[in-house]
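The values are calculated or read from the model by the stated rules, or taken from the named source; none is laboratory data. Please read all numbers here as calculations on a predicted model, not as lab measurements. Neighbour counts are summed over all protein chains in view; Cβ atoms, including those assigned to glycine, are modelled from backbone coordinates with ideal geometry. Protein only, heavy atoms only, side chains kept; ligands, DNA and RNA dropped before computing areas. Shrake-Rupley method; radii C 1.70, N 1.55, O 1.52, S 1.80 Å.
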Amino acid sequence: MYLLYNSYPERAAKWRSLLTTQLPDLTFIESMDGVDPSEVQYILTWEPLANLERFTSLRIVFSAGAGVDQFDVSSFPAGVALVRMVEGSIAESMAEYVVFAVLAIHRDMVAYRADQQREEWLPSRIVPASERRVGVMGVGHLGRAALIKLQSFGFQLSGWNRSAKQVDGVKVFSGADSLSDFLSQCDVLVNLLPLTEQTRGILGRPLFDQLPRGAGIVNVGRGGHLNEADLLEALDRGQLGAAILDVFEVEPLDAEDPLWSHPRVWVTPHIASTMQLEGGAAVIVDSIQRDRSGHPLLHTVDRCTGY
Ligand code: NDP
């Protein structure tokens, strides 16, 4: 049983140790040199691999990160599944980041940081958390964890999702028709949607204009969700008050990008959340055991929706 590893070389030894300890008959390979492609049953990769058809015994491709938008699963050979890493530590660190970003916007920290750089002392009124409306787009694995973590602060919480979801203490809007109603009551908007054909560019002018004036946004989904020109324009005319951005269309963010120096923008280098290898290995081991015993796989990516 071969697993082909195609991700960061510096992490290979740790992956090898974690996986072969739990699956002693697994042969962990980092290159195809001298290997017959028909021996490979599992692939762990961040980048999509070309010509998957040559791996005639392939069963599962594991995404080495949380997102899967880099893969076109609809083109995978029949019978080959794409499994994504759904494990506790990704949700835990994402929830922490969302709490940090929502609190920063709620307590006007983005503005205070800009004031400090200009050496200006400009206190503003504290808005009680109970008056602050925080909305999360995408009430999936991560969106739900973020909403639950936000609950202790007493915000008015809401979510927006394709299908109906239930989260205690959260008003969840579902379906495209409810987007306007959802947006009109978000003082802080957090994006945790997957990047798909339907969601690409969703953070653009039409959406910004439906938010209350001065709203803040947090983008922790993907850079492709954001129309950067529209964001800058909305910040400059005051429709948006602040933006905290962790993901970008081009990463690392270009040295010339105006987001770096915009006084109302905080940039972080795609660090909101990363998978711990131990948790990722548990997903892989469980999936391989399920595959071998004929049980249905968990966390597979849908061939139609792409997430
Ligand atoms: P999930 O697949 O668990 O959740 C996605 C949610 O979005 C689902 O509830 C889904 O609804 C909803 N959704 C999808 N499309 C639409 C749509 N068109 N309209 C409304 N709702 C929609 O994903 P995760 O929560 O695990 O991850 C979300 C994203 O977070 C990832 O795709 C990735 O891009 C990003 N991410 C970012 C990281 C970072 O460090 N910045 C780290 C990890 C992930 P339904 O269930 O009804 O289909």
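Table for the structure above
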| quantity | calculated |
| --- | --- |
| Residue selected from region 75-102 under the condition open to solvent by 50 Å² or more (accessible area, probe 1.4 Å) and either outside any loop (DSSP other than H, G, I, E, B) or within 16 Å of the ligand (Cβ to nearest atom) (or both), by the criterion modelled with the lowest pLDDT | G88 |
| Filter result for V267 (touching a His at 6+ places or on another chain (Cβ under 7 Å) and within 21 Å of R222 (Cβ to Cβ)) | no |
| Test set (1) open to solvent by 20 Å² or more (accessible area, probe 1.4 Å); (2) part of a strand (DSSP E or B); (3) of a type outside the set (D, E) - S17 fails condition number | (2) |
| Residue among S180, S74 that alone is in contact with a Gly (Cβ under 8 Å, 6 or more places away or on another chain) and of a type in the set (S, T, Y) | S74 |
| Residue within region 161-178 that is buried (at least 17 other Cβ atoms within 10 Å of the Cβ), away from the ligand (no atom under 16 Å from the Cβ) and not assigned by the TED database to the domain that holds S38 present | no |
| Counted residues, region 48-70 - those being under 18 Å from the mean Cα position of the chain (by Cα) and away from the ligand (no atom under 16 Å from the Cβ) | 0 |
